[in-house]
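Q: If you scroll down you'll find the structure; I have some questions about it.
The values are calculated or read from the model by the stated rules, or taken from the named source; none is laboratory data. As the structure is a computational prediction, the values presented were derived from the model and not from experiment. Using ideal geometry, Cβ is built from the backbone for each residue, glycine included, and neighbour counts are taken over all protein chains shown.
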Amino acid sequence: MSFSVTEPTNGTKWFAGLLVVAYAIITLVPLLWIIATGFKSPTDSIAYPPVVVFEPTLEGYVNLFTDRTRATDDMIEAAGPPETWYDEIARSRGTVITGPSRYGERFLNSVIIGFGSTFLCMVLGTAAAYAFSRFRVPLKDDLLFFILSTRMMPPIAVSIPIFLMFRNLGLNDTHLGMILLYTAVNLSLSVWLLKGFIDEIPMEYEEAALIDGYTRFQAFYKVVLPQAATGIASTAIFCLIFAWNEYAFAVLLTSGTAQTAPPFIPNIIGVNGKDWPAVAAGATIFLVPVMVFTVLLRKHLLRGITFGAVRK
Amino acid sequence: MAEVSLTGVSKSFGEDIALADVSLTIPDGSFVVLLGPTGAGKTTTLRMVSGLDTPDAGRIEIAGRDMAALTPAQRDVAMVFQQYSLYPHLSVRQNLEFPLKSPILKTPQAQIDAKVGAVAEVLQISHKLDNKATALSGGEMQRVSIGRALVRDPQVYLMDEPLSSLDAKLRADLRVELKSIQADSGATMLYVTHDQIEAMTMATHVGVLDEGRLIQFGTPREIYENPVSIYAASRLGQPRMNVLPADVFGGAPQGAASIGLRPEHIQQGEGEDSLVKRVERLGDQTRLHLVFKDHDLITVTDAHTDLKDGDTVKIRPVSPHYFDAAGARVA
């Protein structure tokens, strides 16, 4: 019987597989529960013991995207037959749709602020990381430590000064304010992560490009950037996830115009109080952009494509 | 092509002196090889000329122009690095096109295609042009790397041990190839190596560096036959020059502390007895490891010699080199 040091035994493989599956179930169940709740009726959503098998309805999604008012049978009759499927759902609950809800705008705010701050963070982070990696920066180590130290306390700990500062600068409840804030919070992480990735790109590439007739910036743009793509993509995912899901600052600093979806979703109130299916539907849709972004960038997450062309 | 001259160039990295007052003229169209062990300052010299590093003191001129204020791109030099340093995200063709497409050269596409095709032909990588740079073997990568320099028509080619990572056969092939490319094009070439065969076969001039100093500069023949010091003498020649105390054979000149004997300085069959410790048959030559008055010596003898371990052979020096206590040549 052969024995290999590197190849795990069948028993180990089974055990590892089981662990992974168990862990996946534990992490995925709440997510599945949220998605399922989005398709439940309000009654099913708060039933105890919880309902696992239920009759799916789009009521949660209709409620998420619309504002409705309670209507008497006369009013419904006066309004004539329902024109659309969502009208029909609303009326079956004794309500009429009075207009779109604010979820759409909140969602759009999240997109603008989340992707805006991620983009800004990548531009500034890559530039800073490149400088720290390649140039003789005075007090380099101290500066890097200082940058990291901004993350040594929870950002919300400085919420009061930030709140006052934003008020004085007129940044309260603006897209720009939130983009700047999330960029500032994410920048330390992105500088550190990206510096690590850029450090791994051998200097010879840029030196070769410099001699091949390119300026420093062109060498950075044409040679370093394509090879740092992996690092930039994975760092961008981290930054986006933070900015996308951030709740505390969004509650504190936004209200009318620039409010993002996270403070909005849990406060969706239906005609009969908290509308759990609508909340779950809002959370489900809110997941989609980050998932799409991650899936689009996932090929960059597979490392190893840049390695092997310089002999070490 | 152009003449390159270094005047009093010095460079330190912190405490380490990489180059100390090096002055050197690389004539137009010459093939200059810099020889020396690791840390002698060979690569630093190349980097000074390329502009990747700037000297602390001294002046570098290419074609009579001071290079001090010019970036590497503006100097119009081509360099082959010791590492392959191909751009891994590009194909072989894109790698070769890269310098021609630079904002400085902006070569028309038709001309790019012609040059890349010609160079790929010479380096036998035509069939790999559309491969990803990372999908090549080490030898192919280094050929592409050399090709990236050859597609251009720069003032000077700089090569930093371009063949050291290749296997023996490829190294021998490319050595011949490079030399003939250089001879045909009349390119000025500054070439760093620690391989003395490369130095002897390719160079029109050899510069011997030691701890940042240029010890000797001349044709390979001059350095071989007329070295200025033990150090310079031991850079060239296989087997190495034997260094013994000056008086072992007698007749040493005034001030000589040691005698340097290359195999051709040792006449066999006459003189004093020495013991054959080992016979090393290399095929085309046979080396004798001798013990002479408690000193070890290595020399070359007839390939088909009958000598065996433990035999005795008479030896006598013929016009050897003499060096003083500091290693400088006295006679």
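Q: Being part of a helix (DSSP H, G or I) and free of Cβ contacts under 8 Å to residues at least 60 places away in the same chain is the filter here, so list the residues in the stretch A:238-247 that pass it.
A: Taking the stretch A:238-247 and keeping what is part of a helix (DSSP H, G or I), we get A:238-245.
A:PHE238, A:ILE241, A:ASN245 - these are the residues of the stretch A:238-247 that are part of a helix (DSSP H, G or I) and free of Cβ contacts under 8 Å to residues at least 60 places away in the same chain.
Q: Which count do you get for residues in the stretch B:223-238 that are among the β-branched types (Val, Ile, Thr) and out of contact with any helix residue (DSSP H, G or I) (no Cβ under 9 Å at 6 or more places or on another chain)? Working first, answer last.
A: As a first pass, look at the stretch B:223-238 and keep what is among the β-branched types (Val, Ile, Thr): B:223, B:228, B:230.
Applying the additional criterion that residues be out of contact with any helix residue (DSSP H, G or I) (no Cβ under 9 Å at 6 or more places or on another chain) yields B:228, B:230.
Residues flagged as among the β-branched types (Val, Ile, Thr) and out of contact with any helix residue (DSSP H, G or I) (no Cβ under 9 Å at 6 or more places or on another chain) within the stretch B:223-238 amount to 2.
Q: Look through B:PHE81, B:PHE31 and report the one residue that is aromatic (Phe, Trp, Tyr), crowded, with 19+ Cβ neighbours inside 10 Å and facing chain A (nearest Cβ under 10 Å). Spell out the reasoning first.
A: On the way: B:PHE31 fails: facing chain A (nearest Cβ under 10 Å).
Just one listed residue meets the conditions, B:PHE81.
Q: In the stretch A:100-142, which residues are free of Cβ contacts under 8 Å to residues at least 60 places away in the same chain and either more than 23 Å from A:THR254 (Cα to Cα) or of a type in the set (Lys, Arg) (or both)?
A: The answer is A:VAL123, A:ALA127, A:ALA131, A:PHE135, A:ARG136, A:VAL137, A:PRO138, A:LEU139, A:LYS140, A:ASP141, A:ASP142.
Q: Of the residues A:ILE34, A:ILE46, only one is of a type in the set (A, V, I, L, M, F, W, C), out of contact with any Phe, Trp or Tyr (no Cβ under 8 Å at 6 or more places or on another chain) and in contact (Cβ under 8 Å) with a residue 40 or more places away in the chain; which?
A: On the way: A:ILE46 fails: out of contact with any Phe, Trp or Tyr (no Cβ under 8 Å at 6 or more places or on another chain).
The unique qualifying residue is A:ILE34.
Q: While we're on this one: So which residues in the stretch A:58-87 are at pLDDT 85 or above and acidic (Asp, Glu), if there are any at all?
A: A:GLU59, A:ASP67, A:ASP87
Q: Filter the stretch B:101-125 down to residues that are within 14 Å of another protein chain (Cβ to nearest Cβ), under 28 Å from the mean Cα position of the chain (by Cα) and either more than 20 Å from B:SER180 (Cα to Cα) or among the small types (Gly, Ala, Ser) (or both), then give me how many there are.
A: Of the residues in that region, 0 qualify.
Q: Now for a separate question. Can you tell me which residues in the stretch B:105-123 are exposed (fewer than 14 other Cβ atoms within 10 Å of the Cβ) and not in a helix (DSSP H, G or I)?
A: B:LYS106, B:PRO108
Q: I'd like to check something: does the stretch A:114-121 contain any residue that is out of contact with any strand residue (DSSP E or B) (no Cβ under 9 Å at 6 or more places or on another chain) and aliphatic (A, V, I, L, M)? Please lay out each step first, then the result.
A: Here is the first cut: in the stretch A:114-121, the ones out of contact with any strand residue (DSSP E or B) (no Cβ under 9 Å at 6 or more places or on another chain) are A:114-121.
Remaining after also requiring aliphatic (A, V, I, L, M): A:120.
So far as the stretch A:114-121 goes, yes, one or more of its residues are out of contact with any strand residue (DSSP E or B) (no Cβ under 9 Å at 6 or more places or on another chain) and aliphatic (A, V, I, L, M).
Q: Within the stretch B:1-103, considering only strands (runs of 3 or more DSSP E) that don't extend past its boundaries, which have at least 1 residues that are of a type in the set (Phe, Trp, Tyr)? I'd like the intermediate steps shown before the answer.
A: Values: elements: B:4-13, B:16-26, B:31-35, B:57-62, B:77-80.
The strands (runs of 3 or more DSSP E) meeting that bar are B:4-13, B:31-35.
Q: Now for a different question. Under the condition of being touching an Asp or Glu at 6+ places or on another chain (Cβ under 9 Å) and loosely packed, with under 14 Cβ neighbours inside 10 Å, which residue from the stretch A:257-269 is modelled with the lowest pLDDT?
A: Per the criteria, the residue is A:ILE269.
Q: Continuing with this model, one more query. Please work out if B:PRO72 is under 24 Å from the mean Cα position of the chain (by Cα), free of Cβ contacts under 8 Å to residues at least 40 places away in the same chain and at the interface with chain A (Cβ under 10 Å from one of its Cβ atoms). Break it down stepwise before answering.
A: Working: under 24 Å from the mean Cα position of the chain (by Cα): yes; free of Cβ contacts under 8 Å to residues at least 40 places away in the same chain: yes; at the interface with chain A (Cβ under 10 Å from one of its Cβ atoms): yes.
So B:PRO72 passes the test.
Q: To continue, here is another question. Return only the number of the condition from (1) surrounded by 17 or more Cβ atoms within 10 Å (Cβ to Cβ); (2) modelled with pLDDT under 90; (3) facing chain A (nearest Cβ under 10 Å) that B:ARG148 does not satisfy.
A: (2)
Q: So which residues in the stretch A:62-113 are within 23 Å of A:PHE39 (Cβ to Cβ), assigned to a loop (DSSP other than H, G, I, E, B) and among the hydroxyl-bearing types (Ser, Thr, Tyr)?
A: A:THR84, A:SER101
Q: I'd like the full set of residues that are among the hydrophobic types (A, V, I, L, M, F, W, C) and free of Cβ contacts under 8 Å to residues at least 60 places away in the same chain, limited to the stretch B:119-147. Steps first, answer last, please.
A: Taking the stretch B:119-147 first, the residues among the hydrophobic types (A, V, I, L, M, F, W, C) are B:119-120, B:122-123, B:125, B:129, B:133, B:135-136, B:141, B:144, B:146.
Once the filter is applied, which keeps residues that are among the hydrophobic types (A, V, I, L, M, F, W, C) and free of Cβ contacts under 8 Å to residues at least 60 places away in the same chain, the stretch B:119-147 yields B:VAL119, B:ALA120, B:VAL122, B:LEU123, B:ILE125, B:LEU129, B:ALA133, B:ALA135, B:LEU136, B:MET141.
Q: Of all residues being assigned to a helix (DSSP H, G or I) and within 14 Å of chain B (Cβ to nearest Cβ) in the stretch A:270-310, which is modelled with the lowest pLDDT? Just the residue, please.
A: Let us first name the residues in the stretch A:270-310 that are assigned to a helix (DSSP H, G or I), namely A:276-301.
Pick out the ones that are also within 14 Å of chain B (Cβ to nearest Cβ) and you get A:299-300.
Working: A:LYS299: 74, A:HIS300: 71.
Going through the qualifying residues, I end up with A:HIS300.
Q: With the requirement that a residue be of a type in the set (S, T, N, Q) and either in contact (Cβ under 8 Å) with a residue 60 or more places away in the chain or within 14 Å of chain A (Cβ to nearest Cβ) (or both), what does the stretch B:151-184 give you? Talk me through it step by step, then tell me what you get.
A: Filtering the stretch B:151-184 down to residues of a type in the set (S, T, N, Q) leaves B:155, B:164-165, B:180, B:182.
Hits for the stretch B:151-184 are B:GLN155, B:SER164, B:SER165, B:GLN182.
Q: Just checking, which of A:PHE264, A:PHE197 is touching a Gly at 6+ places or on another chain (Cβ under 9 Å) and closer than 30 Å to A:THR95 by Cβ?
A: On the way: A:PHE197 fails: closer than 30 Å to A:THR95 by Cβ.
Going through A:PHE264, A:PHE197 in turn, just one is touching a Gly at 6+ places or on another chain (Cβ under 9 Å) and closer than 30 Å to A:THR95 by Cβ: A:PHE264.
Q: Quick check on this structure: which one of B:GLY51, B:GLY58, B:GLY29 is in contact with a Pro (Cβ under 6 Å, 6 or more places away or on another chain) and at positive phi?
A: Values: B:GLY58 fails: in contact with a Pro (Cβ under 6 Å, 6 or more places away or on another chain); B:GLY29 fails: in contact with a Pro (Cβ under 6 Å, 6 or more places away or on another chain).
Just a single option satisfies the conditions, and that option is B:GLY51.
Q: Next up: Any residue in the stretch A:149-164 that's part of a helix (DSSP H, G or I): show its pairings with residues that are of a type in the set (Phe, Trp, Tyr) and surrounded by 10 or more Cβ atoms within 10 Å (Cβ to Cβ) at Cβ separation under 8 Å, as long as the two are six or more apart or on different chains.
A: A:PRO155/A:PHE249; A:ILE156/A:PHE249; A:SER159/A:PHE249; A:ILE162/A:PHE249
Q: Another one. Looking only at the stretch B:306-331, count how many residues are assigned to a strand (DSSP E or B), closer than 21 Å to B:ASP273 by Cβ and touching a residue at least 40 places away in the same chain (Cβ under 8 Å). So that I can check it myself, show each step before the final result.
A: Taking the stretch B:306-331 and keeping what is assigned to a strand (DSSP E or B), we get B:312-317, B:321-323, B:328-329.
Applying the additional criterion that residues be closer than 21 Å to B:ASP273 by Cβ yields B:312-317.
Checking the rest, the ones that are also touching a residue at least 40 places away in the same chain (Cβ under 8 Å) come to B:313-317.
Matching residues across the stretch B:306-331 total 5.
Q: On to the next question. Scan the stretch B:280-296 and give yes if some residue there is touching a residue at least 60 places away in the same chain (Cβ under 8 Å) and either surrounded by 15 or more Cβ atoms within 10 Å (Cβ to Cβ) or outside the structural domain of B:VAL176 (by TED's automatic domain parsing) (or both), otherwise no. Spell out how you get there, then give the answer.
A: Within the stretch B:280-296, the first condition is being touching a residue at least 60 places away in the same chain (Cβ under 8 Å), and the residues that meet it are none.
Looking for residues that are touching a residue at least 60 places away in the same chain (Cβ under 8 Å) and either surrounded by 15 or more Cβ atoms within 10 Å (Cβ to Cβ) or outside the structural domain of B:VAL176 (by TED's automatic domain parsing) (or both), one finds none in the stretch B:280-296, hence no.
Q: Being assigned to a loop (DSSP other than H, G, I, E, B) and within 11 Å of chain B (Cβ to nearest Cβ) is the filter; apply it to the stretch A:184-206 and report the residue that is nearest to A:HIS300 (Cα to Cα).
A: In the first step, residues of the stretch A:184-206 are kept if they are assigned to a loop (DSSP other than H, G, I, E, B); the result is A:200-202.
When the remaining residues are screened for being within 11 Å of chain B (Cβ to nearest Cβ), the result is A:201-202.
Details: A:ILE201: 15, A:PRO202: 19 Å.
Selected residue: A:ILE201.
Q: Find the residue count for the stretch B:275-312, including only residues that are small (Gly, Ala, Ser) and modelled with pLDDT of 90 or more. Talk me through it step by step, then tell me what you get.
A: The first filter runs over the stretch B:275-312 and keeps only residues small (Gly, Ala, Ser), leaving B:283, B:303, B:310.
Narrowing the set further to residues that are modelled with pLDDT of 90 or more leaves none.
Final tally of qualifying residues: 0.
Q: Restricting attention to the stretch A:207-237, which residues are within 7 Å of another protein chain (Cβ to nearest Cβ) and touching a residue at least 40 places away in the same chain (Cβ under 8 Å)?
A: Selection gives A:GLN227 alone.
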